[in-house]
Amino acid sequence: MESEPRTGGTPSSDAWLSIPAFESPLHVGQPNIGDRAVFDSYVDQMFERRWLSNDGPLVKEFEERIAERAGVKHCVAVSNGTAGLDIAIRALGLSGEVIVPSYTFVATAHALHWQGITPVFADIDPRTHNLDPESVRAAITPRTTGILAVHLWGRPAPVAELQRIADEHGLQLLFDAAHAFAVSASGTPIGGFGRAEVFSFHATKFFNTFEGGAIVTDDDEVAEQARLMRNFGFAGADNVISAGSNAKMTEVAAAMGLTNLQSIDAVIDTNRRNYHAYQRFLAGIPGVRLTTFDEAESNNFQYITIEVDDAASTSRDDIVAALTSKNVLARKYFWPGIHRMEPYRTIDPDAGAALPSTELVAGRLIVLPTGSAVDESAVQRIADMIRVLVVGDELEG
Ligand SMILES: *Cc1c(COP(=O)(O)O)cnc(C)c1O
């Protein structure tokens, strides 16, 4: 490394040093927070009623709004997205093996493993970062009971092809829609695909309830099972009819959700503006490709991701480290892929052999900050940093 000539793009170059660091850190997934006066008024009502949990009026209203926005019959609000996955997996009766991407947040696989189901990792399409239907087909065995697909970055998974595979093989299809609230696929809102979909409303997601999530479905049976499982199997006072857990959403979480629903379209507008700014300012940097959204669809534009390939003169990891030194806390999602995390790495150390695109993309990808804490001039500064790191001192002069 010492012998390599330093180009203008290295963190010691004049061009790099001349770009000021941000005064306070820009995080990926900085929470979007709605009108605090609106939130306060919901919380005042809640205290007046002394109804803090157990399917209160705010949770009921929140569920109606979410079902409306997702274009589905049922919304079952839960304490977090992972609990939502746990319950949906049980409500669908999954067992044995379930096919999942490795290129996703670890909760997708944990939710299966946690209840004794084997997550079988299928590869992604390197262009879309979503499950590759051919790889899903190849992963099916006699023990397979379902497919748990993810709409990664809020870009729809290939819903029609996955449904076809599920139908052909008698498999259940469930979607981890943690990234995909307020998103559409071929004009249909995410929410009604497969047998059920699960949203996360965690603080770092585009739309939050502090912690929270929802199982959404058009299936009456799944909705009823999910409601029971969320509340210890209670079908009414003193009437427990099945086993269940505790995954109830609180009233204060629903208050946050109802508040944030009021500003959700403004947040989307901000994210869209930032996305367009990234498109403009990152254009023409060799080896750096912004992941794009299909603007004929509804998008939340929450994940700004770039891939850094070999044409770039600086590695992905060096770019992330350099950006971090300037208070741009970019992240390597979902590095290194779930199959390289425990316990999956020990269970199947060779899983990577069947996942070349997962390994490729996981090694190239950077998530950049967006949301209401980021404006166009910040995007321009971040893009300038990346340009200097990758192409050197051309910015000078
Ligand atoms: C955030 C996330 C989850 C987990 O949701 P929580 O609400 O944090 O439990 C699951 N899957 C994916 C893809 C996520 O990004």
- Message: Highest mean first, how do 300-307, 51-58 rank when packing is the count of other Cβ atoms within 10 Å averaged over residues?
- Response: 300-307, 51-58
- Task: Tell me which residues come under 5 Å, amide H to amide H, from Ala196 once H is placed; ignore anything under 5 positions away on its chain.
- Result: Phe175
- Taking 0.36 nm per residue of separation and subtracting the Cα-Cα distance, what length does fully extending Asp35 through Ser245 add? 72.3 nm
- Message: Can you tell me, using C-alpha contacts under 8 Å and at least 6 residues apart, the relative contact order of the chain as a whole percent?
- Response: 24 percent
- Here the relative contact order (percent) of the stretch 215-351, from C-alpha pairs under 8 Å and at least 6 apart, is 11 percent
- Message: Please report the net charge: other residues with Cβ closer than 13 Å to the Cβ of Lys205, K and R +1, D and E -1.
- Response: -2
- Loop trypsin sites (Lys or Arg not before Pro), the stretch 30-67, which have at most 16 other Cβ atoms in a 10 Å radius of their Cβ (DSSP): Arg50
- One can check that the equivalent ellipsoid of the stretch 225-358, built from the alpha-carbon gyration tensor with semi-axes equal to the square roots of five times its eigenvalues, has lengths in Å, largest first, of 39, 26, 14
- Taking amide H positions as placed in the peptide plane 1.01 Å from N, state which residues far from Thr314 in sequence (5 or more) or on other chains have amide H under 5 Å from it. none
- Can you run phi through the Karplus equation (6.51, -1.76, 1.60; θ = phi - 60°) for the stretch 23-34 and list ³J(HN,Hα) in whole Hz, with x for Gly and Pro? 5, 10, x, 9, 9, 6, x, 5, x, 8, 10, x
- Query: What angle do you read, to the nearest 10 degrees and between 0 and 90, between the alpha-carbon axis of helix 159-169 and the longest principal axis of the chain?
  - Reply: 50 degrees
- Message: For Cα pairs less than 8 Å apart in space and 6+ apart in sequence, what is the mean separation divided by the residue count of the stretch 213-254, i.e. the relative contact order in percent?
- Response: 28 percent
- Sorted on mean Cβ neighbours within 10 Å (highest first), peptides 162-173, 129-140, 245-256 come out as 245-256, 129-140, 162-173
- Item | Reachable aspartates and glutamates from Lys332, criterion Cα separation under 19 angstrom, eight or more residues apart if same chain | Asp123, Asp125, Glu307, Asp309, Asp310, Asp317, Asp318, Glu342, Glu359
- Item | Calculated from backbone phi, Karplus (6.51, -1.76, 1.60) coupling profile of the stretch 341-347 in Hz, x at Gly/Pro | 10, 7, x, 5, 4, 6, 4
- Task: Rank Phe334, Ala277, Ala311 by how far each Cα sits towards the positive end of the charge dipole of the chain (+1 on Lys, Arg Cβ; -1 on Asp, Glu Cβ) and give me just the farthest.
- Result: Phe334
- Message: Apply the Karplus curve 6.51 cos²θ - 1.76 cosθ + 1.60, θ = phi - 60°, to the phi angles in the stretch 75-90 and return the couplings in whole Hz, x for Gly and Pro.
- Response: 10, 10, 6, 9, 6, 6, x, 5, 4, x, 5, 3, 5, 4, 4, 6
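Taking the beta-carbon count within 10 Å as an exposure proxy, list Ile215, Ile319, Ile87 from fewest neighbours to most.
Going from sparsest to densest Cβ surroundings: Ile319, Ile87, Ile215.
Based on the alpha-carbon gyration tensor of the chain and its eigenvalue square roots a ≥ b ≥ c, which shape applies: rounded if a/c is under 1.5, prolate if not and a/b is larger than b/c, or oblate?
oblate
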- Hey, what angle do you get for helix 376-391 against the long axis of the chain, alpha-carbon based, 0 to 90 degrees rounded to 10? 50 degrees
- Message: Can you tell me the orientation of helix 220-230 relative to the chain, as the angle in degrees between its alpha-carbon axis and the longest Cα principal axis, to the nearest 10?
- Response: 80 degrees
- Rounded to the nearest 0.05, what FRET efficiency is calculated for Asp238 and Glu134 with R0 set to 41 Å and r the Cβ-Cβ distance? 0.20
- Message: Just want the answer: with Cβ charges of +1 for Lys and Arg and -1 for Asp and Glu, which residue in Ala185, Gln45, Gly233 is farthest toward the dipole's positive end in the stretch 36-259?
- Response: Gln45
- Query: Lys60: which lysines have alpha carbons under 28 Å from its alpha carbon, excluding same-chain residues fewer than 8 sequence positions away?
  - Reply: Lys73, Lys205, Lys248
- Query: With a ≥ b ≥ c the root eigenvalues of the C-alpha gyration tensor of the stretch 116-212, is it rounded (a/c under 1.5), prolate (a/b larger than b/c) or oblate?
  - Reply: prolate
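Take the Cα pairs of the stretch 36-259, get the Kirkwood Rh, then feed it into Stokes-Einstein at 20 °C and 1.002 mPa s and tell me D in µm²/s.
122 µm²/s
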- Task: Would you work out the charge dipole size for the chain about its Cα centre, treating the Cβ of every Lys and Arg as +1 and the Cβ of every Asp and Glu as -1, and quote it to the nearest 20 debye?
- Result: 400 debye
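Values in this text are rule-based calculations from the coordinates and carry no lab data. Just so it is clear, the model here is predicted, and its values are computed rather than measured. Quick reminder, even Gly has a Cβ in these numbers, built from the backbone with ideal geometry, and neighbours come from all protein chains shown.
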